[in-house]
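Scroll down for the structure; my scribbles are underneath it.
Here, each number is a calculation from the coordinates, and none is a lab measurement. Bear in mind the structure is a predicted one, so any value in this text is a computation, not a measurement. For neighbour counting, all protein chains shown are included, and Cβ atoms are generated from backbone atoms with ideal geometry for every residue, glycine included.
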Amino acid sequence: MRSIFTALLAGLLFGSGLVISGMTNPENILAFLDVTGNWNPALALVMASAIVVTLPAFTWVRRRQHNLVGDPVTLSNRRPLDKDLIFGAIIFGVGWGLSGLCPAPSLIAGLGGNAHILVFVLTMTIGLWLSTRFKNS
């Protein structure tokens, strides 16, 4: 039960960070990607902040091999690039670049009831479902 509570707390902290930083607003993402126009560096600052927090935490977990609640942590080994990884990265990047949305921020932004964001979440969910169906068949 402690693990579930910790995961919930981590998700709330992550979501709060996205909202506070404005990263649930697709216009901020698209402005970051618009390097020839009205460029907004906010996303770069959010990414840099994430690295500053994550790097020491990751190092600590790697040394300890347990998370904060004492559960063992197994870190994945590097694996070679395969077509699924490359294709998935391309789909993610194109979708992010066209819409300014990616999975976590879209779920948070969808709570506001914006029809465009809800359509994005619906089609993303269908795409995830279809990919698992094709992968498992």
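Computed values, structure above
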{"read-out": "Sites Phe58 and Ala115 - FRET efficiency at Förster radius 35 Å, r taken between beta-carbons, to 0.05", "value": "0.35"}
{"read-out": "Mean ellipticity per residue at 222 nm, deg cm²/dmol - from DSSP H runs of n ≥ 4 across the chain, formula -39500 (n - 2.57)", "value": "-24000 deg cm²/dmol"}
{"read-out": "Check: the chain dipole with +1 on Lys, Arg Cβ and -1 on Asp, Glu Cβ, in debye", "value": "600"}
{"read-out": "Under Karplus coefficients 6.51, -1.76 and 1.60, residue-wise ³J(HN,Hα) of segment 83-94 in Hz, glycine/proline x", "value": "5, 5, 5, 5, 5, x, 5, 5, 4, 4, x, 5"}
{"read-out": "Table column - 3J(HN,Hα) (Hz), segment 11-26, Karplus curve with 6.51, -1.76, 1.60, x for Gly and Pro", "value": "x, 5, 5, 4, x, 4, x, 5, 5, 4, 7, x, 7, 8, 8, x"}
